[in-house]
Amino acid sequence: MADDGSKQSEKVWPISKFYFTVDLGGGMKNASFQEVSGLDIESQIIEYRHGDSPTFSTIKMPGIVKSSNVTLKKGVLIKDNQFYDWYSTIKMNTVKRVTVTIKLLDEGGNPTMTWTLQNAWPTKVTGTDLKSDGNEVAIETVEIAHEGLVIANK
């Protein structure tokens, strides 16, 4: 007999990835984004072999933590130039740094997982491509560098 799923707990289902919010912080207005990518961290590997080791291999130790840049994509809106305005604050090694918070929401709109980018700033703003025979929505992209990613799963 087939299992109808009635005995399964509500907590074992995976969360959908299409319901999320992005808070740009720093007094910037929040926007609805189409896509967020680059939410990863990794530790660089330090390889070491001490001179009197009887094995002919290295010891691997964790090194500096490295984070990818986060890419945000959204539709182009009339009179909305905040990505470029934020990017244009870069002056001689200074830039407006903010805390960016990305929240994955459940069906009730409650955050279930949160990614916090510390000291974030834009490294690249890409405008939309233009095609005379296209009928797609205009999409702009901002690439954000940051100095730390904190992940909280609630």
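Observations on the model:
- In the chain, one over the average inverse separation of all distinct C-alpha pairs is 18.9 Å, which is the Kirkwood hydrodynamic radius.
- Fluctuation leader among ILE144, ILE78, ILE102 - the chain, Gaussian network, Cα springs under 10 angstrom: ILE78
- Translational diffusion of the range 96-154, estimated by Stokes-Einstein from the Kirkwood radius over alpha carbon pairs at 10 °C in a medium of 1.306 mPa s, is 115 µm² per second.
- Placing a label point 7 Å from the Cα of THR128 along the Cα-to-Cβ direction, the residues of the range 78-104 with a backbone N closer than 19 Å are 78-85.
- q = 0.15, 0.19, 0.22, 0.24 Å⁻¹, the range 21-97: log10 I(q)/I(0) [Debye, one scatterer per Cα]: -0.73, -0.97, -1.14, -1.21
- Heavy-atom surface analysis with a 1.4 Å probe gives the range 37-132 a carbon and sulfur content of 55 percent of its accessible area.
- Model label zone, SER16; criterion: amide N under 17 Å from point 7 Å along Cα-to-beta-carbon; scope the range 101-125: 103-113
- Spin-label model, ASP85/VAL150: points 7 Å from Cα along the beta carbon direction are separated by 2.7 nm.
- Cβ-based charge dipole, the chain, positive-most Cα from THR58, GLY27, THR126: GLY27
- Placing a label point 7 Å from the Cα of THR99 along the Cα-to-Cβ direction, the residues of the range 108-126 whose backbone N falls under 16 Å of that point are 114-121.
- Rolling a 1.4 angstrom probe over the protein heavy atoms with all chains in place gives the chain an accessible area of 73 Å² per residue.
The values are calculated or read from the model by the stated rules, or taken from the named source; none is laboratory data. The shown structure was predicted, so the numbers you read here are calculated from the model rather than taken from an experiment. Virtual Cβ from ideal backbone geometry, glycine too; neighbours counted across all protein chains shown. Keep in mind that these areas ignore ligands, DNA and RNA; they rest on the heavy atoms of the full protein, side chains included. Shrake-Rupley method; radii C 1.70, N 1.55, O 1.52, S 1.80 Å.
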